[in-house]
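Novice: Okay, here's the structure, questions in a sec.
Computed from the coordinates by the stated procedures, all read-outs in this text should not be read as laboratory data. Bear in mind the structure is a predicted one, so any value in this text is a computation, not a measurement. Cβ sites come from the backbone with ideal geometry, for glycine too, and all protein chains shown count toward neighbours.
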Amino acid sequence: MDDVTIFEKIIKKEIPAEIVFENHNVLAFKDISPQASTHVLFIHKEKSTNINEMIEKNPTQISDIFKAIKEFTELEGIDQHGFRVVTNCGARAGQSVFYTHFHLLSGESFGNFGRA
Ligand code: AMP
């Protein structure tokens with residue numbers, strides 16, 4: 001069974017992606033099926049399957065990711081506009097690629113998701 005995900009192939013540059021940010025630990029590229037005018041996926045170069053596994057294996061990866069998001073949103077001025085970060089954990093939550101990733105969404109006015 002081939003359990004190499006599409007995101008690992010993007011990291012290895014085996015398949016193309018529109019990379020918008022990269023440092024030693026983190027890669028960010030445009031989502032192929034954008035749900036907002038800015039829709040970028042942030043991944044850590046060291047593999048985990050989902051957020052819980054990431055925390056279990058190496059919790060510093062979370063700060064690597066969010067530092068990259070901070071740097072990117074400041075560079076692009078997205079921090080001024082506002083943005084949302086989402087991660088889906090498990091198929092029933094909508095996860096379709098089993099390599100931990102964070103959706104950065106901006107450009108729209110989002111509702112108060114999660115509030116009563
Ligand atoms: P999720 O449903 O949370 O697992 O998100 C996976 C995301 O990956 C979806 O929003 C897809 O549109 C996106 N995606 C899948 N394949 C690619 C690809 N080759 N390049 C960029 N984004 C992709």
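Novice: Given the options Phe21, Leu104, Leu75, identify the residue whose Cα lies farthest towards the positive end of the charge dipole of the chain (+1 on Cβ of Lys, Arg; -1 on Cβ of Asp, Glu).
Specialist: Among Phe21, Leu104, Leu75, the one farthest towards the positive end of the dipole of the chain is Leu104.
Novice: OK, next. Explain nothing, just the number: relative contact order of the chain, from Cα pairs under 8 Å at least 6 residues apart, as a whole percent.
Specialist: 29 percent
Novice: What does the extension gain come out to for Leu75 and Phe110, with contour length at 0.36 nm per residue minus their alpha carbon separation?
Specialist: 10.4 nm
Novice: Right, something else. From the gyration tensor of the Cα coordinates in region 27-71, what semi-axes in whole Å does the equivalent ellipsoid have, largest first, with each one equal to sqrt(5λ)?
Specialist: 21, 12, 8
Novice: Output needed for region 7-116: three equivalent-ellipsoid semi-axes, defined as square roots of 5 times the C-alpha gyration tensor eigenvalues, in descending order, whole Å.
Specialist: In descending order, the three semi-axes are 21, 17, 14 Å.
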